[in-house]
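Following: one structure in structure tokens, then a few remarks.
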Amino acid sequence: MVVRYLSMFVLLLSSMFAKAEDITSFEFPFLIGDWYWFSPTDEGVGSEGTAYRAMHIQFSSDYDYMVRLLEVDGDITGWRGTYDIDEGHLLLKADGQPDQLHAYKLSYNQFQLDGARFTKLAPENLPGYWVSSNLSGEDLSEDISRLDINLRPDFLFSFIAYTEDGQSTETRGIYFIEDGQIVLIYEGGQHDSRYTLASDTLTLSNEQVGMKAVFERQ
């Protein structure tokens, strides 16, 4: 019985989160997103005569990046460019600036760039515990009565499917987001869908398979 429900849940994920756009083939998916470094002191950290209090780097799957630097006096500077990456080095390129080659270490929510440690932050209104209020789609099993998804701010998630007779199955993993897409990576696979947020309502959808799930924040 448990195996039956587990198989049902995997099929549900496969249909509900089938590939919408192929960002899941990006070789370094954990790099995608918004990364922040903060100075450990109010005096900031000096570089070439300027003291900085914070730094924000955004990486996209099309190999573009954006940098913003917050100086101690409140001024903000920044630039945009393109990047190349391999298993150990990151090359940043921008018009009017020399190329910068950095050694790095990367996890799903931590990024160390030449000794500076960055933390990935999710949009403020996305993390939370969400409970389904409406499920629709031809491929949705009639035995599934409720879905819960817990999106943590550290980019870990858990997904629970409940059946009418009280059985439940949980899957845990890591997620990343880009431009209204959310990708769930878990043991044995990964799936993505479009997401929209309106107040405390989260909608996940996939037009390819006609799936839609509406969740309310708890």
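Computed values, structure above
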quantity	calculated
Accessible surface, segment 115-218, averaged per residue in Å² (probe 1.4 Å)	50
Interchain or long-range residues, amide H under 5 Å from A54's placed H	S39, L70
Over 29 Å [Cα-Cα, the chain], rounded percent	36
Gaussian network model of the chain, springs between alpha carbon atoms under 10 Å - residue of D148, D64, D73 with greatest fluctuation	D73
Per-q log10 I(q)/I(0), segment 141-218, q = 0.14, 0.16, 0.18 Å⁻¹ (Debye; single scatterer per alpha-carbon; no solvent)	-0.48, -0.64, -0.82
For segment 38-74 and segment 150-186, distance of Cα centres in Å	32
Residue of D143, D200, D95 that the Gaussian network model of the chain assigns the largest fluctuation, springs spanning Cα pairs under 10 Å	D95
S133 long-range amide H proximity, modeled H, under 5 Å	V214, F215, E216
Backbone HN-Hα couplings from phi across segment 101-110 [Karplus 6.51/-1.76/1.60, Hz, Gly and Pro as x]	9, 10, 7, 8, 10, 9, 10, 5, 9, 10
CD proxy at 222 nm, helix term only [per DSSP H run n ≥ 4: -39500 (n - 2.57); per residue of the chain; nearest 500]	-2500 deg cm²/dmol
Computed over segment 82-143, Cα set: Rg, Dmax in Å	20.0, 60
Three semi-axes of the equivalent ellipsoid, segment 29-149, Cα gyration tensor, whole Å, largest first	37, 19, 13
Square roots of five times the Cα gyration tensor eigenvalues for segment 25-74, Å	27, 10, 8
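The values are calculated or read from the model by the stated rules, or taken from the named source; none is laboratory data. It should be emphasised that the depicted structure is a prediction, and the values quoted were computed from it without experimental measurement. Calculation scope for accessible area: heavy atoms of the full protein, side chains included, ligands and nucleic acids excluded. Shrake-Rupley method; radii C 1.70, N 1.55, O 1.52, S 1.80 Å.
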